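Reviewing the structure listed below.
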Amino acid sequence: IAEAQTTFGGNAQHTGIFTAPAQPLNIIKWQTSIDFNNNGALGHYGSPVMSAGNSVLVPVKTATNGFRVDAFDGATGIFKYSVASDYIMPSHNWIPSYNICVVGTRLYFAGAGGTIFHIDNIDSNSPSAPVRDVFYTTLATYNGNKSAFDNSVFVNTPITADSSGNIFFGFRVQGGAPAPLNTTQ
């Protein structure tokens, strides 16, 4: 692989411009399912991302409308591992995209309550255990009021990164979010 495709649209501005030339699309080398509960609803599916080590990381909608990330060897399509998320979709009239982001050897993906998970060593067949990051408070505060946060704060955009490795994403509040957010907006 000439360059890693690590974030939605190629960069934080989603320009979709890449320096590597496209390969001919005359054969399918391998494929995988991305929706195990396709009920015909309108949906925006998350984009696969590729690491520098040629791991292809694919966001997948599960049979219970949850999400996970599956990892494959890019050259062979051989399954490497799967990592679950507890992400909950906000109220919607179409299925929002669930996009993931790679920064170096770390994968970021959305979790419940507006949180972000990360795992390291993504090119390994056994990456690190998921770590939950909470941007608006401490992990202890989140865990102490998990149900209220999970039912009111939702990541609702792709996760992207800048050239320094900082990640960016949008979120929304539904109903009333508890302290320290204390908002309905």
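The values are calculated or read from the model by the stated rules, or taken from the named source; none is laboratory data. None of these values were measured; they are calculated from a predicted model. Here the Cβ positions follow ideal geometry from the backbone for every residue, glycine too, while neighbour counts run over all protein chains shown. The protein model used for the area step is the full one, side chains on, heavy atoms only, and it has no ligands, DNA or RNA in it. Shrake-Rupley method; radii C 1.70, N 1.55, O 1.52, S 1.80 Å.
Tabulated values for the structure
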read-out	value
Percent RCO, i.e. relative contact order, over segment 55-132, from Cα pairs under 8 Å lying at least 6 residues apart	21
Sparse-neighbourhood loop sites, chymotrypsin sites (Phe, Trp or Tyr not before Pro) in segment 22-120 - DSSP loop, at most 14 other Cβ within 10 angstrom	Trp30, Phe36, Trp94
Whole-percent carbon and sulfur share, accessible surface of the chain, 1.4 Å	54
Surface accessible to a 1.4 Å probe, per residue, for the residues of segment 97-185, Å²	44
Net charge of neighbours whose Cβ lies under 13 Å from the Cβ of Asp133, counting Lys and Arg as +1 and Asp and Glu as -1	+1
Structure-derived Rg and Dmax of the Cα atoms in Å - corresponding label in (i) 20.2, 71; (ii) 16.8, 54; (iii) 16.1, 48	(ii)
